[in-house]
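> Please read through the structure below; I'll follow up with questions.
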Amino acid sequence: MYQMGYVMNGLLLGYMSDRFGRRPTLWLAMIIEVCGGLSLIFSPTITMYIMSRFFIGLGDSGRGVSLYLLILETVGTKYRSDIVMTVTFGWITGYIALPGAACLLKDYQLLQAIPTTMTFVLMCTWLLTIPESPRHTGIGSCSIAARIGSILAPFVRETSEHYNFVISMMVFGLLALMATLLTLFLPETKDKDIPDNITDVEELRDLSGSNSANSDMITNTKFLNIIKETDNL
């Protein structure tokens, strides 16, 4: 159900993020995540627990994707690689700390109370200072595809118990091979030179920054010309 929440995020919150903006979608996602966490902590039945996991997955993924894109879209291209690395390190740190916290607390309610409280505090304080993104890029499709794969993967693995183990391994192997081959036809990289090392990436970034500056200069020049023509009229 948690992964189903991720899928629903791509269909619902992903669209809302592009349509209405990152910041309001981020607010909604964090509210859903907090409510789902509280529902899980106080759930009296397994059914309510399972449904709570769905809303936690929906809010968690919506918050993560919207916040990630909001940060990337409000910083300069020069710092985007640093932002990506910082966010990734935080995500990894959380996964590393999770087993230790579960071992110490030994109570799923207390374990869930930690991220729920942190999300609530951030929602009431830090989120108030975040500006809206100046631009919106499409999101959601990749998230949906990835989560559908995560949902189906355990069922493919279960075929090993009823059929030959080789079948499930062949499915995973062929899908990985197909994904690799399809990347050869991506229009963003097809028939283009790909950077091989850090130096190539830095040169590409400098070139991109130069092109962006030139584009801004051309835009400003056109804008000034329009103003002059208006004054002449």
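Bear in mind these aren't lab numbers, they're just calculated from the coordinates by the rules spelled out. Since the structure is predicted, the reported quantities are computational estimates derived from the model, not experimental observations. When we count neighbours, we look across all protein chains shown, and the Cβ atoms used for this are built from the backbone with ideal geometry, even at glycine.
> Which value does Rg/Rh take for segment 43-116 over its C-alpha atoms, Rh per Kirkwood?
My calculation puts Rg/Rh at 1.09.
> If you take the beta carbon distance between residue 185 and residue 27 as r and set R0 to 41 Å, what does 1/(1 + (r/R0)^6) give as a FRET efficiency, to the nearest 0.05?
With R0 = 41 Å, the Cβ-Cβ based efficiency is 0.60.
> Another one. Taking 22 Å as R0, compute the FRET efficiency from the Cβ-Cβ separation of residue 74 and residue 121 and round it to 0.05.
0.50
> At a Förster radius of 22 Å, what calculated FRET efficiency corresponds to the Cβ-Cβ distance of residue 86 and residue 114, to the nearest 0.05?
0.55
> In whole percent, what relative contact order does segment 23-164 give with Cα contacts below 8 Å and a gap of six or more residues?
Once normalised by length, the contact order is 32 percent.
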